[in-house]
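We did not get these values from a lab; they are worked out from the coordinates using the rules stated. Note that the structure is a prediction, hence the values are computed from the model and not measured. Glycine also receives a Cβ, built like all others from the backbone with ideal geometry; neighbour counts cover every protein chain displayed.
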Amino acid sequence: MIDQSMFEHIATGDLVLNALVVLGVLQLAWFSVMLLRRGIPPESIQYAIPPLLTIWVLMWPVYVDARWLWIGLAALMLPAVLSCLLTSPFWQQLRAAWTTQTMDSELRIYPVLPLPPMAHFLTALIIAGIWFQHIPEFGFGLALCLCLAFRSVDLVDQLAVHKFAFLKLGFPAHPEQTLASHLVLIVICTILLCWSLHVFHGTDWQTLLIATLITAMAASATRALVPGQWNAPAAMLSMGFVMWLL
């Protein structure tokens, strides 16, 4: 994905951004292990990672050559892959910190599919990065939705179930999802997609609401219908496709 032409006009800003990303990923891995050793549940660590990566996503429009984005994506994937290959305590603890407990329903659907930690999230982020390469205003908004909306609504589901169990929608693929989480997802995605398009084109928000609202509804439908954690990568595909059509 990185060809020789990338090195012909190297921008100092791109090098600095990638250096910061690599340093940040190393710190993220180290803090994840330290938190796990202090008794923090892996689920809490994984909920904190996407919002932290939003800091990097907000820097995507600053890249002079968007292809340098793949350095940061590779830096994110490398610790996850190494945690599967290396047996030292640090890497095994990192694997535990970044591995989501698989639900029984997902085991029945994907019985023999061993994946590195955070594979679903990283796949979704890669898809958003591909969209950014071709249509920056789409990929930027999708990555923001992934980092800020999709993890947030999982917490909304947990809170809603404890307080308002009747809000469960009863989807066969995701019986734990609630009406509250889908409404929150639609609202957050609509706002983030509108803002992304406004950043790149300066378009008035009012003219973008219908298209982004339809896109956000596509994200909600994909999250409900695609089994397991693959709903996040599928949502990146469906949202990008809907925005492209509109």
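Figures for the structure shown
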{"item": "Of the DSSP H helices in the chain, those whose Cα atoms cover at least 15 Å axially and whose Kyte score averages 0.5 or more", "result": "12-37, 42-57, 69-85, 119-134, 179-201, 209-225, 231-245"}
{"item": "GNM top mover of Met34, Met217, Met77 - the chain, alpha-carbon springs below 10 Å", "result": "Met34"}
{"item": "Net dipole in debye of segment 4-245 [+1 Lys, Arg Cβ; -1 Asp, Glu Cβ; about Cα centre; nearest 20]", "result": "500"}
{"item": "Peptides ranked, highest mean first, by Cβ atoms within 10 Å: ranges 149-160, 116-127, 201-212", "result": "116-127, 149-160, 201-212"}
{"item": "Most mobile of Leu193, Leu17, Leu86 in a GNM of the chain (Cα contacts under 10 Å)", "result": "Leu86"}
{"item": "GNM top mover of Ala128, Ala19, Ala234 - the chain, alpha-carbon springs below 10 Å", "result": "Ala19"}
{"item": "Using a Förster distance of 25 Å, the FRET efficiency for Met59-Leu115 (Cβ separation, nearest 0.05)", "result": "0.35"}
{"item": "Span from the segment 131-199 Cα centroid across to the segment 209-241 one, whole angstrom", "result": "9"}
{"item": "Rel. contact order, % - alpha carbon contacts under 8 angstrom, at least six apart, segment 4-245", "result": "18"}
{"item": "Simple label model, 7 Å out from Cα along Cβ direction - Phe241 to Ala221, nm", "result": "1.1"}
{"item": "Inter-probe distance in nm under a simple model that places probes 7 Å from Cα toward Cβ, at Leu15 and Cys84", "result": "3.3"}
{"item": "Shape call, segment 4-245: gyration tensor on alpha carbons, a/c limit 1.5", "result": "oblate"}
{"item": "Additional length obtainable on full extension of the chain from Arg67 to Leu23, 0.36 nm per residue less Cα span", "result": "13.9 nm"}
